[in-house]
Amino acid sequence: MNHRPLPPSQAVAAYMCQNGWHPTPHPNPRLHVLSGPLDDFGKPVSLVLPASDDLADASLRVDEVLRSLATIEERPLEAVLADIQPPASTLSQPQAQPFNLGDVLHRLEHLEAIAQQLLADNQELLAQRSQSPKPSRRKGRSPKSSAS
(Lines give C-alpha, C1' and ligand atoms only; values in the text may rest on other atoms or scores of the structure.)
Protein backbone atom coordinates (compact mmCIF):
# COMPACT_ATOMS: atom_id res chain seq x y z
CA MET A 1 0.00 0.00 0.00
CA ASN A 2 2.59 2.58 1.10
CA HIS A 3 5.65 3.05 3.29
CA ARG A 4 3.74 3.75 6.48
CA PRO A 5 2.17 1.07 8.65
CA LEU A 6 -1.60 1.21 8.86
CA PRO A 7 -3.00 3.30 11.70
CA PRO A 8 -5.15 1.54 14.30
CA SER A 9 -8.86 1.42 13.49
CA GLN A 10 -9.55 3.62 16.54
CA ALA A 11 -7.30 6.36 15.09
CA VAL A 12 -9.10 6.14 11.74
CA ALA A 13 -12.48 6.38 13.51
CA ALA A 14 -11.32 9.40 15.51
CA TYR A 15 -10.10 11.11 12.33
CA MET A 16 -13.43 10.42 10.64
CA CYS A 17 -15.44 11.79 13.57
CA GLN A 18 -13.29 14.92 13.60
CA ASN A 19 -14.07 15.37 9.91
CA GLY A 20 -17.85 15.18 9.95
CA TRP A 21 -18.52 11.43 10.06
CA HIS A 22 -20.97 10.13 12.65
CA PRO A 23 -21.15 6.76 14.40
CA THR A 24 -24.17 4.73 13.34
CA PRO A 25 -25.54 1.98 15.59
CA HIS A 26 -24.88 -1.52 14.27
CA PRO A 27 -26.01 -4.86 15.73
CA ASN A 28 -22.60 -6.49 15.31
CA PRO A 29 -20.33 -5.33 18.17
CA ARG A 30 -17.25 -6.33 16.15
CA LEU A 31 -17.98 -3.57 13.62
CA HIS A 32 -18.13 0.21 13.81
CA VAL A 33 -20.17 1.91 11.10
CA LEU A 34 -19.62 5.59 10.40
CA SER A 35 -21.85 7.69 8.14
CA GLY A 36 -20.46 10.63 6.25
CA PRO A 37 -21.17 12.84 3.27
CA LEU A 38 -24.06 12.19 0.92
CA ASP A 39 -23.57 10.02 -2.14
CA ASP A 40 -24.88 10.77 -5.64
CA PHE A 41 -28.34 9.54 -4.58
CA GLY A 42 -28.55 11.76 -1.49
CA LYS A 43 -27.87 8.96 1.00
CA PRO A 44 -25.03 9.14 3.55
CA VAL A 45 -21.95 7.14 2.66
CA SER A 46 -21.31 4.45 5.28
CA LEU A 47 -17.89 2.96 5.95
CA VAL A 48 -17.25 -0.02 8.21
CA LEU A 49 -14.25 -0.34 10.52
CA PRO A 50 -13.35 -3.29 12.72
CA ALA A 51 -13.99 -2.66 16.42
CA SER A 52 -10.64 -4.30 17.19
CA ASP A 53 -7.37 -4.49 15.33
CA ASP A 54 -7.12 -8.10 16.55
CA LEU A 55 -9.75 -9.33 14.08
CA ALA A 56 -8.38 -11.53 11.29
CA ASP A 57 -9.18 -9.12 8.45
CA ALA A 58 -8.78 -5.86 10.39
CA SER A 59 -5.84 -4.56 8.36
CA LEU A 60 -7.65 -5.29 5.10
CA ARG A 61 -10.77 -3.44 6.30
CA VAL A 62 -8.74 -0.45 7.57
CA ASP A 63 -6.92 -0.30 4.23
CA GLU A 64 -10.26 -0.29 2.37
CA VAL A 65 -11.61 2.52 4.55
CA LEU A 66 -8.45 4.58 4.08
CA ARG A 67 -8.62 4.20 0.30
CA SER A 68 -12.31 5.12 0.35
CA LEU A 69 -11.58 8.21 2.46
CA ALA A 70 -8.88 9.31 0.01
CA THR A 71 -11.35 8.95 -2.86
CA ILE A 72 -14.18 10.73 -1.02
CA GLU A 73 -11.87 13.56 0.11
CA GLU A 74 -10.25 13.72 -3.34
CA ARG A 75 -6.80 13.64 -1.76
CA PRO A 76 -3.84 11.33 -2.09
CA LEU A 77 -3.84 8.39 0.30
CA GLU A 78 -0.55 9.60 1.80
CA ALA A 79 -2.17 12.94 2.71
CA VAL A 80 -5.01 11.18 4.53
CA LEU A 81 -2.53 8.94 6.32
CA ALA A 82 -0.40 11.94 7.30
CA ASP A 83 -3.45 13.53 8.94
CA ILE A 84 -4.26 10.33 10.82
CA GLN A 85 -0.70 9.37 11.72
CA PRO A 86 1.54 12.28 12.60
CA PRO A 87 5.18 12.00 11.56
CA ALA A 88 7.36 9.97 13.93
CA SER A 89 9.00 13.16 15.27
CA THR A 90 5.69 14.27 16.83
CA LEU A 91 4.82 10.88 18.30
CA SER A 92 6.89 11.57 21.41
CA GLN A 93 4.56 14.42 22.38
CA PRO A 94 1.80 13.63 24.88
CA GLN A 95 -1.23 12.17 23.12
CA ALA A 96 -4.90 12.49 23.96
CA GLN A 97 -6.76 9.57 25.49
CA PRO A 98 -7.47 6.77 23.02
CA PHE A 99 -10.72 7.18 21.14
CA ASN A 100 -13.26 4.50 22.03
CA LEU A 101 -16.02 4.41 19.44
CA GLY A 102 -18.04 1.94 21.49
CA ASP A 103 -18.22 4.43 24.37
CA VAL A 104 -19.23 7.21 21.97
CA LEU A 105 -22.03 5.06 20.55
CA HIS A 106 -23.24 4.19 24.05
CA ARG A 107 -23.23 7.86 25.08
CA LEU A 108 -25.05 8.90 21.90
CA GLU A 109 -27.74 6.28 22.54
CA HIS A 110 -28.06 7.53 26.13
CA LEU A 111 -28.35 11.15 24.96
CA GLU A 112 -30.95 10.16 22.37
CA ALA A 113 -33.03 8.47 25.09
CA ILE A 114 -32.79 11.59 27.27
CA ALA A 115 -33.76 13.83 24.34
CA GLN A 116 -36.78 11.64 23.56
CA GLN A 117 -37.88 11.75 27.21
CA LEU A 118 -37.50 15.55 27.33
CA LEU A 119 -39.52 15.89 24.13
CA ALA A 120 -42.27 13.66 25.53
CA ASP A 121 -42.30 15.65 28.80
CA ASN A 122 -42.52 18.96 26.90
CA GLN A 123 -45.36 17.68 24.72
CA GLU A 124 -47.22 16.55 27.84
CA LEU A 125 -46.75 19.95 29.49
CA LEU A 126 -47.96 21.75 26.38
CA ALA A 127 -51.03 19.51 26.22
CA GLN A 128 -51.80 20.20 29.89
CA ARG A 129 -51.41 23.95 29.42
CA SER A 130 -53.71 24.02 26.41
CA GLN A 131 -56.44 22.19 28.39
CA SER A 132 -56.27 24.16 31.64
CA PRO A 133 -57.47 27.76 32.12
CA LYS A 134 -54.77 30.34 32.42
CA PRO A 135 -54.11 31.41 36.02
CA SER A 136 -54.77 35.04 36.80
CA ARG A 137 -51.72 37.04 37.62
CA ARG A 138 -51.90 39.12 40.75
CA LYS A 139 -49.37 41.63 41.79
CA GLY A 140 -47.44 40.25 44.68
CA ARG A 141 -47.86 42.11 47.92
CA SER A 142 -44.97 42.33 50.26
CA PRO A 143 -45.80 41.28 53.79
CA LYS A 144 -46.17 44.14 56.25
CA SER A 145 -43.32 44.39 58.61
CA SER A 146 -44.22 44.84 62.23
CA ALA A 147 -42.45 47.68 63.90
CA SER A 148 -41.69 47.20 67.59
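The values are calculated or read from the model by the stated rules, or taken from the named source; none is laboratory data. Treat the numbers as computed from the prediction; the structure is a model and nothing was measured. Here the Cβ is made from the backbone with ideal geometry for all residues, glycine too, and neighbour counts use every protein chain on show.
Scanning segment 1-23 for residues that are within 16 Å of VAL104 (Cα to Cα) and either without any contact (Cβ under 8 Å) to a residue 60 or more places away in the chain or in contact with a Phe, Trp or Tyr (Cβ under 8 Å, 6 or more places away or on another chain) (or both) yields a count of 12.
From the list ALA113, ALA147, the lone residue that is among the hydrophobic types (A, V, I, L, M, F, W, C) and modelled with pLDDT under 65 is ALA147. For segment 24-63, residues that are under 18 Å from VAL104 (Cα atoms), of a type in the set (A, V, I, L, M) and in contact with a helix residue (DSSP H, G or I) (Cβ under 6 Å, 6 or more places away or on another chain) total 3. Of the set (1) buried (at least 17 other Cβ atoms within 10 Å of the Cβ); (2) in a loop (DSSP other than H, G, I, E, B), all apply to GLN10 but (2). Scanning segment 45-63 for residues that are under 13 Å from LEU31 (Cβ atoms) and part of a helix (DSSP H, G or I) gives ALA58, ARG61, VAL62. Cβ-Cβ distances below 9 Å connect the following pairs, each with a first residue in segment 66-88 that is assigned to a loop (DSSP other than H, G, I, E, B), a second residue that is modelled with pLDDT of 95 or more, and a separation of six or more residues or different chains: ARG75/LEU69; PRO76/ALA70.
Selection of segment 24-44 for residues being without any contact (Cβ under 8 Å) to a residue 24 or more places away in the chain and surrounded by fewer than 13 Cβ atoms within 10 Å (Cβ to Cβ) yields PRO27, ASN28, LEU38, ASP39, ASP40, PHE41, GLY42, LYS43.
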